[in-house]
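Colleague: Sharing a structure here in structure tokens format.
The values are calculated or read from the model by the stated rules, or taken from the named source; none is laboratory data. Computed from a predicted model, the values in this text were never measured in an experiment. All Cβ positions, glycine included, derive from the backbone under ideal geometry; neighbour counts span all protein chains shown.
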Amino acid sequence: MKFSFFMMPLHHPSEHPTLAFDRDISLIEFTDSLDFDEFFIGEHHSGGWETIPSPEMVLAKASASAHRIRLGTSVVDLPYHHPFHVAERMAFLDHLTRGRAILGVGPSNLVTDKALFQVPPDRAHDMMAESVDIIVKLLESDEPIDYEGRFWQLRGMRLQLRSYQQPRLPLAVATAGSRRGLELAGRYGMILMSMAGMNRGNYPPHSEQWPVVEEVAREHGVKTSRDNWRIATSVYLAESREEAWADVEEGIMRETEYFWKIGVNAPYEEYPGQPLKEVTARSAAERRRWIIGTPDDAIAAIEQFQEETGGFGGLMLTTHEWAGPEKLRRSLELFARHVIPHFRGFTRGFHDEWRLIKERHEAGGFPLNTEGGPNNLGWNEGEPSA
């Protein structure tokens, strides 16, 4: 299983932006050192909190000091860009990162951005789909292409610089579960980034989402795999559940109020029109399927996601500074030390070895002093503690 990040980011409007951007770069470097697989950054142009307008520029700078982790956009809001520019910039980024770039795309979900660019909501998905079709053709073609679309027309356009990855760099699409997003992932063999939270409306449950991708992929002769499916949720870990909640409760409500004010309230509501005063940090976390607690809680939640979905290829952690940057880093370190090894099987041999030692001792093979002292080897449980 892969472990990724999605960073909007969310910075308080009173904070010095230059220092906040430096901290974002530092976080990418830190996650690279913790053996995470991918880091995705969003694109936003308004609202005051989500302040990175060009994720490619941040990723290019980070690639100079984060040498292993894959770097992606999540997402480039395609209705705001000519598809040629998107394809060209990402092919260039792929060379700067030596083949680590991933182009994540979406129709734009920030209401204030849509108003800024005057994109009618009923056109955004159609514009995204047409742009993806053009981008794929540009990335895969050695010859100039012509394209007569509803929103864009191309005449003899080609990329003079192909992507470092061949036949092209990977594409990803973010979706709350809409069939259009699922079909797009299947048609072009894209990485699918799904939200873990509960969604009202006509979206299919998680268990029904990947079968749609597979069905469409077969229709278009495209190979795909559940390894290309990411489930996104927010995670905050501490030594105890009580400590974790004490750290994040105030920060969750601060951000919830921001989203409420810009019209992104449906994911937090237990019923349509629910007033903000009825929403609590814990109700928001339950609604959004956030993981707040200990490493053991995270392992259990991820395994539950696996069971509900029928299997997926990676967990995408949505980054927040609910508790401040230092405590965020401590949470990520706990995740890297105790959660990632569980799913990659790194510690299975250690646990097996300890069970064998216990079995041999109980069979009289050799004596061990297990009386007194702390039970920090988990003797009573039959395996070392985390």
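Colleague: What strands (runs of 3 or more DSSP E), lying completely within region 126-230, carry at least 1 residues that are farther than 30 Å from Phe3 by Cβ and in contact (Cβ under 8 Å) with a residue 40 or more places away in the chain? Walk me through it before giving the result.
Modeller: On the way: elements: 145-148, 153-157, 171-175, 191-195.
Counting at least 1 such residues, we get 153-157.
Colleague: Moving on. Could you please let me know if Gly324 is surrounded by fewer than 17 Cβ atoms within 10 Å (Cβ to Cβ) and in contact with a helix residue (DSSP H, G or I) (Cβ under 7 Å, 6 or more places away or on another chain)?
Modeller: no
Colleague: Answer yes if at least one residue in region 240-262 is more than 28 Å from Glu307 (Cβ to Cβ), β-branched (Val, Ile, Thr) and in the same structural domain as His12 (by TED's automatic domain parsing), and no otherwise.
Modeller: yes
Colleague: On the basis of being touching a strand residue (DSSP E or B) at 6+ places or on another chain (Cβ under 7 Å) and either assigned by TED's automatic domain parsing to the domain that holds Ile340 or under 25 Å from Glu333 (Cα atoms) (or both), does Leu59 make the cut?
Modeller: For Leu59, the condition - touching a strand residue (DSSP E or B) at 6+ places or on another chain (Cβ under 7 Å) and either assigned by TED's automatic domain parsing to the domain that holds Ile340 or under 25 Å from Glu333 (Cα atoms) (or both) - is met.
Colleague: I'm checking my understanding of the structure. Among residues of region 55-68 that are touching a helix residue (DSSP H, G or I) at 6+ places or on another chain (Cβ under 9 Å) and of a type outside the set (A, V, I, L, M), which one is farthest from Phe346 (Cα to Cα)?
Modeller: Applying the filter and picking the extreme gives Glu56.
Colleague: Show the residue pairs meeting these rules: Cβ distance below 6 Å; 6+ apart or different chains; first residue within region 242-263 and more than 28 Å from Ser108 (Cβ to Cβ); second residue part of a helix (DSSP H, G or I).
Modeller: From region 242-263, the pairs are Asp247/Lys327; Glu249/Ala281.
Colleague: Somewhere in region 67-77, is a residue surrounded by fewer than 19 Cβ atoms within 10 Å (Cβ to Cβ) and over 22 Å from Ser331 (Cβ atoms)?
Modeller: yes
Colleague: Could you grab me the full set of residues in region 48-63 that are assigned to a loop (DSSP other than H, G, I, E, B) and of a type outside the set (A, V, I, L, M, F, W, C)? Spell out how you get there, then give the answer.
Modeller: Step one: filter region 48-63 for residues assigned to a loop (DSSP other than H, G, I, E, B), giving 48-54.
Residues satisfying the conditions are Gly48, Glu50, Thr51, Pro53, Ser54.
Colleague: Could you please find all residues in region 71-105 being more than 21 Å from the chain's Cα centre (by Cα) and hydroxyl-bearing (Ser, Thr, Tyr)?
Modeller: Tyr80
Colleague: Please tell me if Met193 is under 19 Å from the mean Cα position of the chain (by Cα) and closer than 26 Å to Arg287 by Cα.
Modeller: yes
Colleague: Scan region 23-47 for residues that are free of Cβ contacts under 8 Å to residues at least 40 places away in the same chain and in a loop (DSSP other than H, G, I, E, B) and jot them down.
Modeller: Those that are free of Cβ contacts under 8 Å to residues at least 40 places away in the same chain and in a loop (DSSP other than H, G, I, E, B): Gly42, Glu43.
Colleague: From the set of residues in region 28-66 that are surrounded by 22 or more Cβ atoms within 10 Å (Cβ to Cβ) and of a type in the set (Phe, Trp, Tyr), which is farthest from Ile191 (Cα to Cα)?
Modeller: Out of the qualifying residues, it is Phe36.
Colleague: Another question about this same structure. When you look at Met316, is it under 22 Å from the mean Cα position of the chain (by Cα) and either among the acidic types (Asp, Glu) or buried (at least 20 other Cβ atoms within 10 Å of the Cβ) (or both), yes or no?
Modeller: The answer is yes for Met316.
Colleague: Hey, another quick one. Please find, among Asp126, Asp122, Asp133, the residue that is of a type in the set (Asp, Glu), surrounded by fewer than 21 Cβ atoms within 10 Å (Cβ to Cβ) and farther than 22 Å from Ile191 by Cβ. Give the steps one after another, and end with the answer.
Modeller: Working: Asp126 fails: farther than 22 Å from Ile191 by Cβ; Asp133 fails: farther than 22 Å from Ile191 by Cβ.
Sole residue among the options that is of a type in the set (Asp, Glu), surrounded by fewer than 21 Cβ atoms within 10 Å (Cβ to Cβ) and farther than 22 Å from Ile191 by Cβ: Asp122.
Colleague: Taking into account only those residues within region 95-133 that are touching a His at 6+ places or on another chain (Cβ under 7 Å) and of a type outside the set (A, V, I, L, M), which is farthest from Glu183 (Cα to Cα)?
Modeller: This residue is Asp113.
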